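The values are calculated or read from the model by the stated rules, or taken from the named source; none is laboratory data. What you see is a predicted model; the values in this text were computed from it and never measured. Cβ placement follows ideal geometry from the backbone for every residue including glycine, while neighbour counts extend to all protein chains displayed.
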Amino acid sequence: MRIVCVGGGPAGLYFAILAKLSDPTRDITVVERNPAGVTYGWGVVFWDDLLDDLFRKDPVSGRDIADAAAKWDEYEVRCQGKRTTWLPGYGFILGRHRLLSILTARAAGLGVEIRTEDDVTDLSGYADADLIVAGDGANSRIRQLAGDAAYGTAVEMGRNSYIWLGTHKVFDTFTFGFEKTAAGWIWYHAYPFTDETSTFIVECSPETWRGLGFDTLGPDESVAELERIFAGHLDGNPLINQLRGLGTTPWLNFRRVTNETWHHGNVALMGDAAHTTHFAIGSGTKLAMQDAIGLAEELDAEASVSAALVAYGARRRADIAPLQRAALASMQWFEGTHEYTDLDATQFAYALSDRRGEYPTWRYLLHRAVQVRPMRVLLREALTARKWLRARRRSTRGPAVPKSLPHRGVEATTSGRP
């Protein structure tokens, strides 16, 4: 079987790994437009469920990813004029470049051909492929070749503007920070992914964006203005624009991509090409790799590629539907942030935590409890054994527990997401 994966991101690489592990005789090529070792993006976040899946499907790359990742404990909420509050939850962080390095090395070691600096504009060169995987992002060129009608593609634009930056300010944990300006509220989502660097995503309403002049400021001026606004959070560290020198400031509006069908002919959509989820819930990489697992399993289970593609789409659309609803609710909460900023610190943080509207009443009692230091310490100690046991179950060769970030004042954790 001849398989071509267009896009050398987590989806395409991990699918190539699983497909090759299942049948080493398969001829598999991953085609990436960027040069080898070059990627855009900062850190990616994920949770225990993905690590469980990775160890189940390929313990070798699963262990490499777990060993390279760091763990954050709880979420910190800072809002101008309010005391700092905390949300229970923990997760894992890994630099995107490191993740791709691990997956690329594993794929190459299994005999997958990796082609870089190959920008695929049409599929005429792959007429001999039995299966083509389009893992080339939300603006997938491969998806667009067939047209929106072929997949039932719909794209909805989010209202808020956001910019994806980095900083050498290493945050203690996953942090939300809200600042009020003369033009309105502006906030960031930040998390460390190495000992030296954090992801720093800034978001605001279009009214605030224009009021602060970002519609007219150049790239360096925009970053300088953000450094001024968030100076109290950055401790003198600059913000880093990966696209500096390309002439534009990478302000974006979130594109919510959905597709009624995830295949057309022998082409399968995967990752952001098939679906996007708002960055506020941090599940893009997780879903992309779980797509890869889903397609690989259906390819092994079904008698033909066409049957596998039908089963894959039906299965994965059903799997991700609850998370897509949660992501939409999360995006809409941030679009209405101004409705909550008059709440006291504890209530505001809980509104942020429960922005999907799915928590039972007892969760608020837990939320109030974790604002007290002894309770945060108790929760953290109680869950340490639980996390260790889950990690041990993932590997027959012993526990693979991602290292924790330094706890500079971070005192608690419990499982879950904000």
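Of the helices (runs of 4 or more DSSP H) that lie entirely inside the range 182-277, those containing 3 or more residues that are at pLDDT 95 or above and closer than 26 Å to Asp172 by Cα span 219-229, 231-234. Please give the strands (runs of 3 or more DSSP E) falling wholly within the range 1-109 in which 1 or more residues are among the β-branched types (Val, Ile, Thr) and within 16 Å of the chain's Cα centre (by Cα). Counting at least 1 such residues, we get 43-46, 85-95.
This table checks each residue for (1) β-branched (Val, Ile, Thr); (2) in contact with a Lys or Arg (Cβ under 7 Å, 6 or more places away or on another chain); (3) in a helix (DSSP H, G or I); (4) free of Cβ contacts under 8 Å to residues at least 24 places away in the same chain.
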position: Leu309; (1), (2), (3), (4): no, no, yes, no
position: Arg316; (1), (2), (3), (4): no, no, yes, no
position: Ala327; (1), (2), (3), (4): no, no, yes, no
position: Gln332; (1), (2), (3), (4): no, no, yes, yes
position: His338; (1), (2), (3), (4): no, no, yes, no
position: Thr341; (1), (2), (3), (4): yes, no, no, no
position: Gln347; (1), (2), (3), (4): no, no, yes, yes
position: Gly357; (1), (2), (3), (4): no, no, no, no
position: Leu366; (1), (2), (3), (4): no, no, yes, no
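Here is the figure for the range 368-381: residues that are assigned to a helix (DSSP H, G or I) and surrounded by 12 or more Cβ atoms within 10 Å (Cβ to Cβ) total 8. Residue under question is His338, and the condition is that it be more than 26 Å from Gly284 (Cα to Cα) and either among the charged types (D, E, K, R) or modelled with pLDDT of 90 or more (or both); does it hold? Yes: the conditions hold for His338. Taking the conditions exactly as written (of a type in the set (A, V, I, L, M) and more than 29 Å from Ala345 (Cβ to Cβ)), does Ala231 satisfy them or not? Judged against the criteria, Ala231 is not a match. Quick one: is Lys180 over 24 Å from Pro10 (Cα atoms), out of contact with any Leu (no Cβ under 9 Å at 6 or more places or on another chain) and either among the charged types (D, E, K, R) or buried (at least 21 other Cβ atoms within 10 Å of the Cβ) (or both)? Taking the combined requirement at face value, the residue satisfies it. Restricting Gly89, Gly37 to those that are at pLDDT below 95, surrounded by fewer than 24 Cβ atoms within 10 Å (Cβ to Cβ) and closer than 23 Å to Gly137 by Cα reduces the list to Gly37. State yes or no: is Phe174 within 27 Å of Ser283 (Cβ to Cβ), touching a Phe, Trp or Tyr at 6+ places or on another chain (Cβ under 6 Å) and either of a type in the set (Ser, Thr, Tyr) or surrounded by fewer than 22 Cβ atoms within 10 Å (Cβ to Cβ) (or both)? So Phe174 does not fit the description; no. Of the numbered criteria (1) part of a strand (DSSP E or B); (2) touching a Leu at 6+ places or on another chain (Cβ under 8 Å), the one Ile142 fails is (1). Going by what's in this entry, would Ala292 be described as under 30 Å from Glu156 (Cβ atoms), in a helix (DSSP H, G or I) and in contact with a Ser or Thr (Cβ under 6 Å, 6 or more places away or on another chain)? Here the answer is no, as Ala292 does not meet what is asked.
Among the conditions (1) over 30 Å from Glu302 (Cα atoms); (2) touching a Ser or Thr at 6+ places or on another chain (Cβ under 7 Å), the only one that Gln332 does not satisfy is (2).
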